[in-house]
């Protein structure tokens, strides 16, 4: 099911304007800055992180199924190779695995798209871009659900427009809430690099998301 | 971990607000994951945990089972290669053949090692002794019936 197909639900020129209205619906939500407790078991950790991981992968890949594959692969690798590690080390390890998996899929997609464009198979016979299937709206409060989806879609689109490393820094540091040290571990770089990538990401997002304020 | 106050952008009110709202949007999206994908995430988690469990136990037990099987094979091979066991096995086969009750004692004295293919000769040993004791047969000229 494709829940955040922003390209289909929102015209490209109206992304930010729609996001303004949508954000009003979620602005009243409490701050998400609370420190997350350390999971006692690996299963509890995976259960606590799986939805956020899938959303992060979906934002980065813009494909729910590929995002699901990436999350499942990250879970499997964490359990197989790092189950014996202390629980405090699971978050940066898991997010590091997921980040590498997402990067692999993005690179494969880049190659695939080049091949498809080169062979002319990315469009249909009328030279139109092939449509994507969109999930029906089954939420209990359709207007609010739509507003949330539009806000998420606008944010996802803005994040996807960032360079890869800035994207990763924003997703891990701001949305997932890892601290600088754990973000650096997950990204495989220094804390200074994380701050630099995040600073540039915020500069870019500030202009795109000006209407969020 | 997760100590967000060390964020370098919290000093800027605008950035902090953008971050806060981005988190709110993200949290709402996570809470509103549709049931289909929520179920699939749960299944993926179970699959990951289950896939790891037999893998680790197999990794533990495979060398032990392999070693045990190798030891058994070695023990059986050594046992079969011992000469006394081979003789005993052969004798068991020989003794299992039908032999007349009165011939057993005499025959066992004269037979150091008997193969199963020689059993007919063993059974007719008295005949051959009698034949050897016949002077007429031993000294008979060739073509004597003429």
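The values are calculated or read from the model by the stated rules, or taken from the named source; none is laboratory data. Bear in mind that the values here come from a model prediction, so they are computed numbers and not experimental data. Virtual Cβ from ideal backbone geometry, glycine too; neighbours counted across all protein chains shown.
Checked against the criterion of being under 30 Å from residue B:15 (Cβ atoms) and either at pLDDT 80 or above or surrounded by fewer than 12 Cβ atoms within 10 Å (Cβ to Cβ) (or both), the candidates A:90, A:118 yield just one match: A:90. Could you list all residues from the range B:26-37 that are part of a helix (DSSP H, G or I) and either at positive phi or in contact with a helix residue (DSSP H, G or I) (Cβ under 7 Å, 6 or more places away or on another chain) (or both)? Scanning the range B:26-37 gives B:26, B:28, B:29, B:30, B:37.
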